[in-house]
1. Could you point to the residue in V172, L112, P126 farthest towards the positive end of the range 112-186's charge dipole, with +1 and -1 charges on the Cβ of Lys/Arg and Asp/Glu respectively?
2. Gaussian network model of the chain, Cα springs within a sub-10 Å range: biggest mean-square fluctuation belongs to which of A35, A123, A63?
3. Among Y74, Y181, rank each residue by its count of other Cβ atoms within 10 Å, from fewest to most, as a rough exposure measure.
4. Name the long-range amide H neighbours of E58: under 5 Å, sequence gap of 5 or more, or other chain; modelled H, no Pro or chain starts.
5. Which one, [x] 1.12; [y] 1.02; [z] 1.39, gives Cα Rg over 2.2 N^0.38 Å as derived from the coordinates shown?
6. Around Q168, which amide H atoms from residues at least 5 apart in sequence, or from another chain, sit under 5 Å from its own amide H, with H modelled in the peptide plane?
7. Excluding T29 itself, calculate the net charge of residues whose Cβ lies under 15 Å from the Cβ of T29, where each Lys or Arg counts +1 and each Asp or Glu counts -1.
8. With 10 angstrom as the radius, rank V185, V113 by how many other C-beta atoms surround their C-beta, starting from the fewest.
Amino acid sequence: MSKASEVKTGNILRFNGELVSVDEYIHRTPGNLRAFYQAKMRNVKTGKLVEYRFRTDEEVEIARVETNDYQYLYEDGDTFVVMDNNTFEQFNIPKHLFGSSARFLKEGMQVLVAMESDEPIMAQAPTTVELEITYTEPAVKGDTSTNALKSATVETGVEIRVPLFVNQGDKVKVDTRSGEYIERVK
């Protein structure tokens, strides 16, 4: 157990039996009242925001979270199988931890996973990925109005919007957070 004064923004706490990440942590001393810490915390599993005031001498439990790079191997039902690059140990990570970026994962990619006592609590795909276009309609000559986009399917099976000059077989860089085309890769 630690004192509330030892908590910092970004820590993971065990609060009311659940894991929360500290988004904002401010020390307040209002007038002639006692000092306290105002915390904004986000539940790791549900994403729900919680606000709480800690007394300066209040005891809190800071969770030991280890964040490492892992290699994504394959999909297995509702989980993704990843491998530790150092020990070659494999772990099953629930798909929902990756959020919407899970649809852009390709075998062999490096992903970031945070674990608390061998239980995965957070997972993050790379912010950008390079994927090959497997299908797109050919551009019609003369149809070159500014910022014209067409649908294209990438190798992971996701459909994205790309400029008219992108053809089947091209590699493109995609933002995994929004699913938007960034640029064509040579």
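Every read-out reported here was derived from the displayed coordinates using simple, explicitly stated rules and does not represent laboratory data. Just so it is clear, the model here is predicted, and its values are computed rather than measured. Every residue, glycine as well, gets a Cβ built from its backbone with ideal geometry; the counts of neighbours run over all protein chains shown.
1. V172
2. Looking only at A35, A123, A63, the largest GNM fluctuation is found for A35.
3. Values: Y74 11, Y181 19.
So the residues, fewest neighbours to most, are Y74, Y181.
4. A4
5. [z]
6. Placed amide hydrogens put T136 under 5 Å from Q168.
7. On the way: positive: R28, R34, R53, R55; negative: D57.
Taking every Cβ under 15 Å from that of T29, the sum is +3.
8. Working: V185 11, V113 22.
Exposure proxy ranking, most exposed first: V185, V113.
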